[in-house]
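Computed from the coordinates by the stated procedures, all read-outs in this text should not be read as laboratory data. Bear in mind the structure is a predicted one, so any value in this text is a computation, not a measurement. When we count neighbours, we look across all protein chains shown, and the Cβ atoms used for this are built from the backbone with ideal geometry, even at glycine.
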Amino acid sequence: QVQLVESGGGLVQAGGSLTLSCTTSNGALSSYGMGWFRQAPEKEREFVAAMWWTSSSTYYVDSVKGRFTLSRNNAKNTVYLQMNSLKPEDTAVYYCAASNTRIGRGVADYNYWGQGTQVTVSS
């Protein structure tokens, strides 16, 4: 059982930046695919970004390409989502997710989820 813990959310003005972190309190993420999703009020949870732990390949939803960057620190067993040029429509609860089988753009592709961290972008 992988327990994921997100941090780094907060309130920021439009155009600002935040970096979200996701780490595990037990075990290692070395063999997992990692993803970030977000869910705005009254909307479905949507894919944001994903990567295999052992690969440098990253995948993004079109709306965040060029603004968000997914990266990892193997020594710290942590994955990061650097978010730049934030827009009010980026406001949502952001969730970290892990998969031991595959990565994808669907919620069902991931086995484990964090509790979420709120990101609010003011206009």
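Springs join every pair of Cα atoms under 10 Å in this Gaussian network model of the chain, and among Leu18, Leu70, Leu81 the largest mean-square fluctuation is at Leu18. Taking GluC sites (Glu not before Pro) in DSSP loop conformation with at most 11 other Cβ atoms inside 10 Å as exposed sites, the chain has its longest uninterrupted site-free stretch at 45-123. Take every Cα pair under 8 Å whose residues are at least 6 apart in sequence, average their separation, divide by the length of the chain, and the relative contact order is 36 percent.
Of Ser85, Ser21, Ser56, the residue with the greatest mean-square motion in the GNM of the chain, using alpha carbon springs below 10 Å, is Ser56. Mind checking which of Gly104, Gly15, Gly35 has the largest fluctuation in a GNM of the chain, springs on alpha carbons under 10 Å? Sorting by GNM fluctuation, first place goes to Gly15. Which three numbers, in whole Å and largest first, are the semi-axes of the equivalent ellipsoid of region 44-91 derived from its Cα gyration tensor as √(5λ)? Gyration-tensor ellipsoid for region 44-91: 21, 12, 10 Å.
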